[in-house]
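Following: one structure in structure tokens, then a few remarks.
Computed from the coordinates by the stated procedures, all read-outs in this text should not be read as laboratory data. On a predicted model such as this, the values are computed, not experimentally measured, just so you know. With ideal geometry, Cβ positions are generated from the backbone for all residues, glycine too; neighbour counts draw on all protein chains shown.
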Amino acid sequence: MTSLSTDTPAVSRTLSASRAEAPAPRPRQSFWARENIAKILFVVPAGIYMLLYFGYPVVKNLVMSMQDYTTKTFFTGEAPWVGFQNYVTVITSNLFGPALLNTALFTVASIVGQFAIGLALACFFNRKFPLSRFLRAMLLLPWLLPLIVASATWRSILDQDSGILNQFLGTVGIPAIPWLTSPDVALIAVILVNIWVGIPFNVTLLYGGLQDIPAELYEAGQLDGATGWKAFRHITWPNLRPVVSVVLILGVVYTIKVLDIILGLTNGGPANSTQTIAVRSYQESFVNFEFGVGAAFSNILIIISLVFAVIYLRANRRAVDE
Amino acid sequence: MKNHNKKRLTKALAMAALVPFVLTACGGGAGAGSGGDASTLTLMDYYNNEPDNLAIKKEIENCAADIGVTIEREAVPGKDLIQKVLQKSSSKTLPDILMLDNPDLQEIAATGGLAPLSDFNVDTSGFAQGMLDAGTYEGEVYGLAPTANTLGLFYNKKLLAAAGLKPPTTWDELKSTASALTKGSQYGLAFSGIATYEGAWQFLPFMWTNGGSETELNSTANKEALQLYKDLVDSGATSKGVINWGQGDVKDQFMAGKAAMMINGPWQIPALNEDPSLEWGSVQVPVNKAGQTPTAPLGGEVWTVPQTGNKAKQAKAAEFISCFTKGDTQIALGTQRYTVPTKPELAKEYIAKMPDMASFTEQIANARSRTGNLGTEWPKAATTIYTAIQLVLTGKASVDDAFTQAAKG
């Protein structure tokens, strides 16, 4: 520490000395001017962080997906290069098609459900009424619960024979539904639980967006006869659009990679009916120890997310331009 | 005065800032210096729950004292063990003594990360053949187990007595008894058909007892076992929920009186005994035709010596394993943990102490290891087995097509 503090004046002394010798610095030198160095120094920590925690894993994952990376690799450090063989294995595997379809269904249905319920609740809480703050805080609960705990709880709620949901439906006269044990229903059950998990995120962001809409707009609208549904259609929705695009696209990126809920509820079953790309990636890597194939699955997932991330960035830029 | 304090504070802080450097220096020095010294061994296992944790801890300490070493034990959650092992092997920090679940041994031994026990002249005689098979990779024994577990049929004594029934011994009896015990919210039988290795493991007693094999899954014997599962679920004697039940769920159903019988292992006995009103008994898993030998899979953990590069420590670790798998330790662990000693000569002494364990001890004598035939290919076969069960029980495939369809992945 002490050595640093003695060095600094020396550096600045030489800097000022060089400046004195060359009163008209060339443009190239100006790049090293103090101000620029300071700028660079501010960027460097963020840059190093990005390289270490985003750049390295992404590159490593890409390389791994081109290697025969198994348990042996951890001991010997040897991972033979296999090119695109892992991707061929992935795409030709019988489960790839169904898993891709399930991923799409899971993502779209979850987002639609979360967004619709989230927007309705956000509009509801936008009106002031007793206890509204308290209730809004309570809505955050699913977000605070560890997903493994939530999925274990839901698993017992959804049990066919003794689950509380079927018991309740029974009192209304609806026969027991095989939530997690029928291949036709399991995906729906998993989506319902994921919607429950995602509602707080949607409510929070949309509520924030609603709060930002100036009350004067509604007052002016009222004078012109815009109330109720009309007010929502012509005032709320257009003003909320930037927030909506953020919510939807972040929602897609978060939902497409969901793993813990599915593992906790069905582990990809029954009869592979809830397999998604994320579950395949996990099972290939950590159940079958085929880390190369698992990496290939996750890269496919990353590419799909990336497409949505780019759409998000572009939509965002357009919003700023407007 | 104030100023003085401030100075002292600065000094203290400066000293505190130095602490990490000093510590790392010490750490490095100690690591380098311990090259030839084998007085401290590190050990990793997955017994992080009671009552296993304390029982294992006590026996580890006994053996450590016996061979004159101190043991630093790390108990990690069961699910994390293999990932931990892989991490530690790539950073060259494997423990001196490593416990592995027996079906994982071949996978890890195949990587070259374990030392054959013959390198250290460990005596491997007197162990049950199935258990030795589980610890063997390409002809070399890499791991030994002090005790083992397996599967059996548990039954609720009160429910069977009320219906005037005896525990079943054949598949036909199993089906009729289970049907007779099914009424209201109570099912006759529960087993685990979940889409994990647990589901495959529970299917093995039926498959193997009937003469089936994991090397040829698409055989008549295996299909008959699958048909049994289907009959039980279709007749309503077993809940459709079994395809999402782990063995813990099966035990919960049995304890709640919602299943009169269950397929499960002796590690559930401590939980069963917590409810004094529950009277249970256990028999071997029923056979298809009278005269068949009940053959169940062998469960349990094997203890190994990883290749750490420190010969002196490895030799001590091997000495520890000899101690940890000797007769006294086997009986001590077996009585505390409801697991069966792996030396058949101890069976009589053990049953005398643990009459509840009689059927499981018999079962162990003929039990087989999962990896004995297929080695590192076992996980693939296990995946095919549990997928086939799921396909059949959900009606997505017929019994005839299930294994073929499941094998396609």
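Counting every other Cβ atom within 10 Å of each residue's Cβ, A:CYS123, B:CYS63, B:CYS323 order from fewest to most as A:CYS123, B:CYS323, B:CYS63.
For the cross-link pairs B:LYS175/B:LYS396; B:LYS158/B:LYS251; B:LYS57/B:LYS343; B:LYS157/B:LYS230; B:LYS158/B:LYS183; B:LYS230/B:LYS408, the ones whose C-alpha atoms lie over 19 Å apart are B:LYS175/B:LYS396; B:LYS57/B:LYS343; B:LYS157/B:LYS230; B:LYS230/B:LYS408.
Here the residues A:ARG127, A:ARG314, B:ARG337, A:ARG280, ranked from fewest to most Cβ neighbours within 10 Å of their Cβ, fall in the order A:ARG127, A:ARG314, B:ARG337, A:ARG280. Helix B:378-393 and the longest principal axis of the C-alpha atoms of chain B enclose an angle of approximately 40°. Centroid-to-centroid, using Cα positions, the stretch A:256-274 and the stretch B:311-381 are 35 Å apart. Working from Cα pairs under 8 Å separated by at least six residues, relative contact order for chain A is 24 percent.
The C-alpha radius of gyration of chain B, expressed as a fraction of 2.2 N^0.38 Å, stands at 1.15. Over the residues of chain B, the helix contribution to mean residue ellipticity at 222 nm works out to -14500 deg cm²/dmol, using -39500 (n - 2.57) for each DSSP H run of at least 4. With contributions of -39500 (n - 2.57) from each DSSP H run of at least four residues, the per-residue ellipticity at 222 nm computed over chain A stands at -23000 deg cm²/dmol. By the Kirkwood approach, averaging reciprocal distances over each pair of separate Cα atoms, the stretch B:193-295 gets a hydrodynamic radius of 14.8 Å. Here the translational diffusion coefficient of chain A follows from Stokes-Einstein with Rh set to the Kirkwood radius across Cα pairs; for 4 °C and 1.567 mPa s it amounts to 53 µm²/s. Helix B:171-180 and the longest principal axis of the Cα set of chain B meet at an angle near 80°. Comparing B:ALA315, B:ALA162, B:ALA55 in a Gaussian network model of chain B, where Cα atoms under 10 Å apart are tied by springs, the biggest mean-square fluctuation is seen for B:ALA162.
Within the protein assembly as shown, the ratio Rg/Rh, alpha carbon atoms throughout and Rh by Kirkwood, equals 1.05.
Across the stretch B:329-359, the residues whose backbone nitrogen lies under 14 Å from the label position 7 Å along the beta-carbon direction of B:LYS157 are B:355-358. Placing unit charges on the Cβ atoms only, positive for Lys and Arg and negative for Asp and Glu, gives chain A a dipole magnitude near 900 debye about its Cα centre. By other beta-carbon atoms within 10 Å, ranking A:PHE286, A:PHE129 with the fewest at the front produces A:PHE129, A:PHE286.
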